[in-house]
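Computed from the coordinates by the stated procedures, all read-outs in this text should not be read as laboratory data. All figures in this text were calculated on a predicted structure; none of them were measured in a lab. Positions of Cβ are backbone-derived with ideal geometry, glycine not excepted, and every protein chain shown enters the neighbour counts.
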Amino acid sequence: MDNLNKKDKAQLKELKSPMAVVDWAVNWFRKQSIFMLAYGTGCGAIEIPPTVTARYDAERFGVRGAATPRQADVIVLSGYLAVKTLKRVIRTYEQMQEPKYVIALGSCPINGGMYWDSYNTIKQLDRYLPVDVTVAGCMPRPEAVLEGFMALKDKIQRGEAEGARDYRDNIEKYKNNQKEIFGDKMLPGYTCDWYFSDGGSF
Amino acid sequence: MLFTIFNSLLAVLLTYSMGMLYYGFYRIGNARIHRRVGPPLWQNVIDNIKLFAKREAPGHGIMFHLGPVIMTAGTITSMLFVPFLKDSAWLQGFSSYGNLILLIYLMVVGPLGNALAVGVSGVPFGVMGVTRGLTRLIGLEVPFFLSVALLMSGSGTISISEIMMAQDSFSNWNMMAHPAAFIVSLFSFVGMMGASPFDVVGAPVEVYSGPQAEFGGKYLGFLAAQRVMFSMVKLILWVDLFLGGATNVFILMAKSFALFFFYFIVGAAFPRFKTEQAVDFMLKLPLIIGIGAVLVRFWSL
Amino acid sequence: MVSALAVFFLGTHKIIRELLSIVSLALLTGLLLMRIVSPVSDDFTWQYMPGFFTLSFSLSSFGLLFALIAAISGLLKSFASWGINSKGYHALFHLMMGGLMILLSAGDYISFFLGWEIMTWSSFMLFNNFSSADDPIEKSQDTGFLFITLSLISALLMLGVLFFLYNRTGSMNIADGVAWLHGVKGLPSWIPGLLLMSAFFLKSGLLPFHVWVPGTYREAPHTFTAFLSAALSKVGIYAFILFFLPFSLNEGSGQISYLIAWIGAITATVATFKAIEQNDMKGLLAYSSIGQMAYVFTAMAVGSSLAMGGALFQMVNHSLIKLLLFFIVAGIIERTGKTRFDQLGGLIYKMPFSFIGVLVGIIALAGMPPLSGFYGKWMIYTSLIEKGWLLVLTGIVLPSTAAFIYCYKLIYGIFLGHPTEVNPEEAKEISPRYRVPSGLLMASIVLLGLFPGLILKPVNVLLSDLGMETLALTSQGSLNAASGSVSGFMVMNVFGGVFAVILILLSLFGKKAPTRNLHRLDIAYAGELPTEQTPLHYGRGLGHEVKRVAIAGAIVKRSLTEKYMKIGNQLGGILEHVRGFYPGNGQVSLIMTMVGAAAVALLIGLKG
Amino acid sequence: MTETIDNLLERIGRNFQITGQEVKKAGLAALHCSQEQLHGVLIYLKEVEKFDTLTMIGCADWIEDDYFELSYMAYSFTTFFTVMVKIRVSRDGSSVPTVEGIWRQARTFEREIHEMFGVDFPGNTRLKEFFLENWQGMPPMKRDFDTVQFVKDHYKLREEGREGACNVSVERKKRIDAKKLELKKEGE
């Protein structure tokens, strides 16, 4: 694999136990193959097409689109999130398979951005979902989006991109925060029941 | 027996790596057409391993679990009934126990098994994809059967190995001896590989990637792996039937890559048919060529 | 054999009746099996008014096969319908069995015709008087009318031709008539031949005459539908073999055979697209029966040993499959009370046995490799290729590919997807009286898939009786043809082996990446939340897009039934005056019409 | 004679009580009428003057004068004129009978205005929740709705986020610094 860069090789040398090597390898594969679910929530949606097409070509970094949340690794939330959209986003996020990551583009998911006083958009996304990478800007250009993917890749390689685990461990907190917004119109239980139990498996 | 099992494993490995290589080329080639750099050649392998490395997978009960298994088993079973090489004991699988008609039907078992899993997952988009696939199959199978029937009745045998054996020199290759059958079969070939004019089944935007809509993690990994292997099975089948077979793996690769390149060019150049357009198209031009070929053949006799 | 008939009159108590029914059928089956083991000739003739009428009976090997199919189907059917039928039903059913047996062992025209008519009338009474359509409005009057009209036409055609033959040969013996038919070349033999053939096509539901099948199958009592499809539809084939098989093998009859082959292919195509269109389970299976029967006729038209073997294999298979599917469908209807795909759905985990049964059924019905359905098709295809009829092959590949859609619709509509009107919590597995025969049938389908050669031995006996070459039999697990062979045993084992290996592999992954069992509604649905009210089941719509394909759309749009009804209504207008002569109710007038028509036919026959 | 918008307005004025009218620019006219006249004018426009479609219904909140102004914009594909018919309704508890019967698309426009301004449209068959989910309290587009107060009450503005989250600008700076350091070393 010629696309092991210098940094990867340096990391690999530092590893001692075989299990650590396996973990490192698994992370490497995860980082090299990122299926992206581009959720066009706001104006950032327009930044995604140039990112993946000829000009910026995200595919050379192993980033490609996925059609459904079941297949996706990362959900890219591009821009402000209306309350109604947030509900769908949470549902989509919960349908993704672990390990899963969230990239939030633009100021709006960070602090509300220019919609800070809007009655219907949320102001801070990581109260409701575990954001792994935020890319600031209004809107961030495709270079910045790619920069975001690079940051995510680094995190994955370090084994720190564990937003999903955080979400599972602190599910009570996240659900309470979501409840503040949705009131009694929360998502039905079956969409997230397994977070409160082990979940069946065979 | 051990030799056969070893050979089967070898066939699986060979088709997997060849398929991954070809599809890596496919992605790079497509990127170059778009004037992009494109992913590394082994990106498909990386994707596949990553899918197996996912920590969880969605499930809808035991039937959902079995779907990808049936799909992969169907692929590998049909692979084992295709002889890869000519004049060789290697890579023959169980092809002496089967024949072309069996193979054509075996190739449908997997998708139908998977269709059960799609159905049980309860995603309407998936079922729509399955129906599209089955409808499209009507269009694909009819000209295909006509072309292989021409071959079979032309060479007086329905065994793939014997059809392959009969093509001893370049002028005896079936693509030379039965050009009309070859041309007709190419239409079906492109359709069966799922290339662009006929790729309505898994259209990501319309039907949410169709039959694969609900599969994730290891299931999607199995489906992705079997997809490339299945494509290789079809390529090798066409090499066997029309391109005179291969005496060693390198010739096999060269010939199948030539076919793959054709598929790639067609896929890159054409927009998508709707389901019924695909069937109507297949029942018009290729069928007419095929019927013409049959008539010519039996009148000249 | 016919003595089995007498038994049913004695049954007064319910259980006794059921037991008697089963015992008598078992007796019949046993007797027939005995015939195989020790081929005693029990031909007998019965002189009525010596010198005028002679009824002769002899059971040929073909008749034996069909009789066995009928007897076993009847036995299983009686078991499946344990305790749900009235006395009259049993009487009629046994009367029909008797008629069938007379027909199958008939040696002369009169017994042939007698058996034919007894069978037709009793089956008409059966489905008309004991209809499964609960709602009287739902039950169409047209069905019975159509059935009886077409049956009458076929009977009249047959009667006329038979008298014509009698007149020509001066003998009541079928063999003589057949010999005459094959002896005479040209038009004189074609016209009676074609007329007779249409009578038989009608019984098997081939193309221009298929209109009675769907309605009848839909409205007949559920288990009786199974019998109709598994046994009665084969009568046309028996008669065809009896009269025409040597004919189609004759030199110079190539065009007729080719025509029959195409009739088969076109029937299959039409029936398959119609089947995809159906919204109720029995309607779908009815059309699929028509399609499957059509393959048999195509194969018989080919006429080679392999093709005959394929035809017989396909026929036996079809009986097994249709018994299985109709039994399970009957069980489901009994449990849920629903008959349509848009009312069912999501029953898979509540009815695993029926699911597996239908799965086995559709795999065999679609002709997929590991099970028996494939091998019949394989023989037919191979024989077509060997014969060089490639266009006919294309003609039957089209419907057999399209058949995948209705097969999928059948299993999806009932078991997969989301439940609609039936609450799966309340659903229960079908009752044991359906389960036992279904289990037997499934086992035999799988067995025939493993050892397709098993059927070759009886087929070879039949072929040698017909004076044809026998098929090569190397091992029980494989089939051989001149141009290639296939080993069912190997296919099944390889598939099973690969399946097991992959399942183990998947389970190994399962430890690292467990599967999370999700709620039924937790599906990838574009971020939306489907509710219980969201129409997620695709049972009715499935296959509707096939209609947009030009050829399928053209077929589905047209309805022969309607055309016939239109003609019938116009005729009815004319006949209104004629009917004035017959006072009394419809049945009386029907019978009188029949008598009159028979007299006319007799006259024509004697004069000609 | 070519049709002009003035002729059109004149014809309308002959048939209905128009309280005010103006031609904004070529092909675009506005006219004011009372709520009672509204349906008459709109039906006249559709049936007699062949205004085929309703482009939109607008609502403006004139809080100072205490009324809502509803503008029905009709468009004709034959003359390419747009006519705005404006009515005034009171700001609280106002109700305007639906024009769904004249143009079916009015249903959606009215649904939006109902949600955002609280105007009632009796007779509308789909007057339910539209953009907002589970909204209680004052309709948000009314000008006396205090959005800042609402946001303060309902949302938490930026506070310290999750520790794990990383900011790209920070990451990028780190990376560039590292690269610079590396280059420096190589230079040495």
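Quick notes
- Comparing B:Asn172, B:Val109, B:Ile251 along the charge dipole axis of chain B, the residue lying farthest to the positive side is B:Ile251, per the Cβ-charge model.
- Partner shielding of B:64-75 amounts to 5, given as the average count of beta-carbon atoms from other chains within 10 Å of each residue beta-carbon.
- Straight-distance crosslink candidates among aspartates and glutamates, where the alpha carbon sits under 17 Å from C:Lys563 and sequence neighbours closer than 8 are dropped: C:Asp142
- With an a/c value of 1.5 or above and a/b larger than b/c for the gyration tensor axes a ≥ b ≥ c computed over the alpha-carbon atoms, segment D:5-135 is described as prolate.
- Karplus-based coupling profile of segment C:314-322, in residue order and whole Hz: 4, 5, 4, 4, 4, 4, 4, 5, 5, with θ = phi - 60° in 6.51 cos²θ - 1.76 cosθ + 1.60 and x standing for Gly or Pro.
- Segment B:1-76: C-alpha gyration tensor shape, a/c 1.5 cut-off, then a/b vs b/c: oblate
- Considering only C:Ala80, C:Thr531, C:Ile405, the residue lying farthest towards the positive end of the dipole of the protein assembly as shown is C:Ile405, judged by Cα position with unit charges set on Cβ.
- Residues listed by number, segment D:70-91, amide nitrogen under 14 Å from D:Met138 label point at 7 Å toward C-beta: D:91
- Isotropic mean projected area of the C-alpha convex hull, segment D:76-188 (nm²): 15.8 nm²
- Close amide H pairs (under 5 Å, H built 1.01 Å from N) link A:Ala72 with A:Gln97, residues at least 5 positions away or on another chain.
- Segment C:194-321: projected area of the alpha-carbon convex hull, averaged over directions, in nm²: 7.1 nm²
- At q = 0.04, 0.05, 0.08 Å⁻¹, base-10 log of I(q)/I(0) for the protein assembly as shown (Debye sum, equal scatterers on each alpha carbon): -0.31, -0.47, -1.03
- Ellipticity estimate at 222 nm from DSSP helix runs (n ≥ 4, -39,500 (n - 2.57)) divided over the protein assembly as shown, nearest 500: -20000 deg cm²/dmol
- Efficiency of FRET from Cβ geometry, D:Leu157 and A:Lys6, R₀ 41 Å, rounded to 0.05: 0.45
- Evaluated over segment B:2-300, the count of Lys pairs having alpha-carbon atoms less than 14 Å apart is 4 (only pairs 8 or more residues apart or interchain).
- Only the Cβ atoms of Lys and Arg (+1) and of Asp and Glu (-1) were treated as charged; on that basis the dipole of segment B:2-300 about its Cα centre amounts to roughly 720 debye.
- Loop-resident sites, segment C:380-482, for GluC sites (Glu not before Pro), counting at most 10 other Cβ within 10 Å (DSSP): C:Glu425, C:Glu426
- Distant-in-sequence amide H partners of C:Asp108 (H built 1.01 Å from N, under 5 Å): C:Ser56, C:Ile174
- Rounded to 5, the percent of DSSP beta bridges in the protein assembly as shown classed as antiparallel: 60 percent
- Spatial offset of segment D:100-162 relative to segment B:210-269 amounts to 54 Å, using the alpha carbon center of each.
- Cα centroid separation - segment A:76-116 against segment A:29-43, whole Å: 12 Å
- The magnitude of the dipole of the protein assembly as shown, with charges of +1 and -1 set on the Cβ of Lys/Arg and Asp/Glu and taken from the Cα centre, is near 1860 debye.
- Counting Cβ atoms of other protein chains within 10 Å of each residue's Cβ and taking the mean over peptide A:84-90 gives 2.
- Taking only the C-alpha atoms of segment B:2-300, Rg followed by Dmax gives 18.9, 64 Å.
- Legend: mean number of C-beta atoms from other chains within 10 angstrom of residue C-beta atoms, peptide B:107-119, equals 5.
- Across every pair of non-identical alpha carbons in segment D:27-68, the mean reciprocal distance, once inverted, gives a Kirkwood radius of 12.2 Å.
- Partner lysines for A:Lys6 [C-alpha distance under 21 Å; skip if fewer than 8 residues away on the same chain]: A:Lys16, A:Lys31, A:Lys153, A:Lys155, D:Lys173, D:Lys174, D:Lys179, D:Lys180, D:Lys184, D:Lys185
- Over all distinct Cα-Cα pairs of segment A:4-66, the Kirkwood formula returns a hydrodynamic radius of 13.8 Å.
- With each label modelled as a point 7 angstrom along the Cα→C-beta vector, the C:Asn167-D:Val148 pair spans 11.0 nm.
- Tensor-based shape of chain A (alpha-carbon gyration tensor, a/c under 1.5 rounded, otherwise prolate or oblate): oblate
- Amide hydrogen neighbours beyond the local backbone of D:Phe81, cut-off 5 Å, H modeled: D:Ser76
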